[in-house]
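Some notes on the structure that comes next.
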Amino acid sequence: MLSSALFLLLSLGTGLVQSTPTLDDLYLENAPSSPRPYVIPHYANSHAVTIGSQLYRFTVTGPSSDYAFTLMSTNAPSSGSLGVLPHIHREHYENFFTFKGRFQLWAEKDNKEQQARLLTQGDYGSVVRNTTHTFQILDPDTEMVGVIVPGGFEDLFYFLGTNYTSGTDTPYVPKTTNSSSAVPDSSTMAKLRTYDVYAQTDFEPRRDIVNGTAPSTEAWHTESNELGEVGEPYFVANGYGPKYLSSKYGYQVIQPLVTPKQAQDTNYTMSTISLSRQTKNSPPSYTLKGAAAFEVLEGVLSIQIGDYPVATLFTGDVAFVPAKTAFTYYSTVAFTKALYVSSGTDGVDQQLIADGKSWDFVTFPKY
């Protein structure tokens, strides 16, 4: 006992005692410069920049995820012009998810028929490498969530944009500046290529969209949507993609958007996960080989990462889990839905799918 007390006194004197992590330590305003557990509240000014009327925030960056992926949001008003110049990426796989509002997304690859969709809340668009794409924002209160693999693509926006801070955390600045889709000069075009952006100035977005889709023969908010073939762009309407039910630790409905098959050598997965209130057993602890992130879409998500206390996440909040870090998550309300991104092929979504069963519904059973 004496030796223990002596060790404690010596530790105090030499600064060896480590303080217990707190929630204040976990919550950040900006994604950190190296991987660590963190939570960023919705509309925090995380490395935010403005480009025209569009406001970009980066809740997971290349440095914060060890370049596994970038997680970003785009808030902007409706516009009569394209949001960006049509372009392709040769190295990056880009994912578009509608958090709220509406936008149109165009995609064309290998001179095949151009695809276009009107995306509303919960809809998803996959833009694989070497796909010409652009978008146009249609509603006054629109928020797009972007997932880009590998991480670090935010450097493009730092180059193009103006640093932004806000005392009110407004979603975007109310102004009438047009979005930036004008053709840049040759020197800027050359610089863009260093950020893996190759302008496609001859691309003409089709305007013959019927019931939210072009070509009009494609199912959109009417029938099931399959995940795309390897190396092809594709779209999944909210609730119309494949679904799986896990009942091991309370009910969870997993709706995959990107599986290891679609991700190919980019090595990540992406899904939405809907949870029932935790009513039986203790939620499992996961320790993954790769990094992971949750963004709350609806409800309230509780998450405990490493040695930090349990954090309570509300709509739009983001939690980041570094590789090889234990974490637990659960819902204390009746229905919670989160967008989930994981580096590697052993993410929570893939484990739940493997342990679950195919399911036809977006909600879970009553018992």
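Tabulated values for the structure
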quantity	calculated
For the range 90-151, alpha-carbon Rg over 2.2 N^0.38 Å	1.11
Net charge dipole size for the range 213-311 [Lys, Arg +1 and Asp, Glu -1 on Cβ; Debye, nearest 20]	560
Cross-link reach list, aspartates and glutamates versus K191, counting only Cα pairs under 19 Å and skipping chain neighbours closer than eight places	E91, E154, D155
Reach of K337 by Cα under 23 Å, taken over lysines that are not fewer than 8 positions away in the same chain	K100, K243, K248, K280, K357, K366
Kirkwood Rh and Cα Rg combined as Rg over Rh, evaluated for the range 257-311	0.99
Pairwise label distance in nanometres, Y158 with E232, each label 7 Å out on the Cα-Cβ vector	3.8
1.4 Å probe accessible area per residue over the chain, in Å²	44
Inter-label distance for A354 and T20, nm, one decimal - labels placed 7 Å from Cα along Cα-to-Cβ	3.5
Most positive-pole-ward Cα, L85, S331, G146, against dipole of the chain from beta carbon charges	S331
Most to least packed among 132-139, 353-360, 264-271 [average Cβ atoms within 10 Å]	132-139, 264-271, 353-360
Inter-probe distance in nm under a simple model that places probes 7 Å from Cα toward Cβ, at S282 and K366	3.3
Sites Q264 and A334, calculated FRET efficiency, Cβ-Cβ separation with R0 30 Å, nearest 0.05	0.20
Cβ-derived FRET efficiency at R0 22 Å, Y27 paired with E91, nearest 0.05	0.10
Whole-percent carbon and sulfur share, accessible surface of the range 97-144, 1.4 Å	39
S34/A190 FRET efficiency (R0 35 Å; Cβ-Cβ; nearest 0.05)	0.65
Pairs of Cα atoms farther than 16 Å apart, the range 44-129, %	62
The range 211-367 - Rg and Dmax from Cα coordinates, angstrom	15.8, 52
Cβ charges +1 (Lys, Arg) and -1 (Asp, Glu), total dipole of the chain, debye	620
Largest to smallest principal axis extent of the C-alpha atoms in the chain, angstrom	80, 52, 37
For the chain, calculated [θ]222 nm from helices alone, where every DSSP H run of n ≥ 4 adds -39500 (n - 2.57)	-3000 deg cm²/dmol
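The values are calculated or read from the model by the stated rules, or taken from the named source; none is laboratory data. Predicted, not measured: the structure shown is a model, and the values here were computed from it. In this analysis, Cβ positions are derived from the backbone assuming ideal geometry, glycine residues included, and neighbour counts consider all displayed protein chains. Note: areas computed on protein heavy atoms with side chains; ligands, DNA, RNA excluded. Shrake-Rupley method; radii C 1.70, N 1.55, O 1.52, S 1.80 Å.
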